[in-house]
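The values are calculated or read from the model by the stated rules, or taken from the named source; none is laboratory data. Model, not experiment: these values are computed from the prediction. Don't worry about glycine lacking a Cβ; one is built from the backbone with ideal geometry, like all the others, and counts go over all protein chains shown. For the accessible areas, the whole protein counts, side chains as well, though only heavy atoms, and no ligand, DNA or RNA atoms are used. Shrake-Rupley method; radii C 1.70, N 1.55, O 1.52, S 1.80 Å.
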Amino acid sequence: MSVDEDPAVPYVPPADATEARRVQEELRSRVDLVGPGPAAPATVAGLDVAYAQDGVLLAAAVTVLDAVSLAVVDEAVCVGRPAFPYVPGLFAFREMPALLAALDRLTVRPELLVCDGHGLAHPRRFGLACHLGLVTGLPAIGVGKTPLVGSWTGPGPERGDSADLCDEGDVVGRVLRTREGVRPVFVSVGHRMGLDNAVERVLALTPRYRLPETTRTADQLCRRALASAVVSGGDLDRR
DNA sequence: GCGACAG
DNA sequence: ATCTTGTCGC
């Protein structure tokens, strides 16, 4: 899958945190928060990254699932180094180069991206899911396991119960109970999606577990890839 | 000034 | 993110 079919928004690695924040402020206005996005996508991709050796080595994985059967129909990985230190709010710059490389290795161009991190629910309204959506041109959703910004009340205890995630007067996402009796997840729009549809898509991907099937398969894949990279020396330049 | 802070 | 066994509960 070519990442630059729509060269409107190239990925530019920032030199420092100040520049990174400037990039986010510049790109935030180009995010499509309305969508509504695909209501019945044929394929959905999950993206995740695993780390080893004190965070100096990483593996980024993308899995593409049939949206109905949830079977994996394509997958790709990229082993590399973090491209940026971990700074809350600048998380995307750490993982994006490896994720984009993995996306480029796909055979199938997925109709939707489900990212392991927030989209709009970000201090500058431009989290990983927004950035990935903009650079790939694909509809994207952010699904976080813990909050970054915002407050909420509830949600109820049943699968499907949800509550608005609010930050500084904005509804930036939804706190969604994907399974009864488990902690909720934090869903936000990444790009070319509406929040209601994003929530529907996440529910369709969580028939059994708290996290979307997409992120679960991607998580397994990047852990596997990382483990084999470590045993074979962990030396990237010689592989 | 003091915490909080996606993965 | 990652380091990590058993254990409480459905």
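Listing for the model above:
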item	result
Charge dipole of region A:1-129 about the Cα centre (unit charges at C-beta), most positive-ward option of A:LEU70, A:PRO88, A:ALA98	A:PRO88
Amide H partners (placed H, <5 Å) of A:TYR209, local residues excluded	none
Bridge type composition, region A:1-146 - antiparallel percent by DSSP, nearest 5	75 percent
Whole-Hz couplings from phi, Karplus 6.51/-1.76/1.60, listed for region A:130-146; x for Gly and Pro	5, 5, 5, x, 5, 6, 8, x, 9, x, 9, 10, x, 10, x, 8, 9
Heavy-atom accessible surface of chain A: percent carbon and sulfur, 1.4 Å	50 percent
Loop-resident sites, region A:76-153, for chymotrypsin sites (Phe, Trp or Tyr not before Pro), counting at most 16 other Cβ within 10 Å (DSSP)	A:TYR86
Of every Cα-Cα pair in region A:73-167, the percent that sits beyond 22 Å	35 percent
For region A:176-232: relative contact order, % (alpha-carbon pairs under 8 angstrom, 6 or more apart)	29 percent
Semi-axis lengths, Å, region A:164-229, gyration tensor of Cα atoms, sqrt of 5 times eigenvalues	26, 15, 12
Chain A, dipole about Cα centre (Lys/Arg Cβ +1, Asp/Glu Cβ -1), debye to the nearest 20	460 debye
Accessible area of region A:17-231 divided out per residue, in Å², using a probe of 1.4 angstrom	40 Å²
Residue among A:ALA8, A:GLY119, A:VAL135 farthest towards the positive dipole end of chain A, charges placed on Cβ	A:GLY119
Calculated Rg and Dmax of chain A using C-alpha coordinates, Å	16.8, 52
Spherically averaged projected area in nm², based on the convex hull that wraps the Cα atoms of region A:1-127	8.2 nm²
Per-residue ³J(HN,Hα) for region A:55-62, Karplus 6.51 cos²θ - 1.76 cosθ + 1.60, θ = phi - 60°, Hz, x for Gly and Pro	x, 8, 10, 9, 10, 9, 10, 10
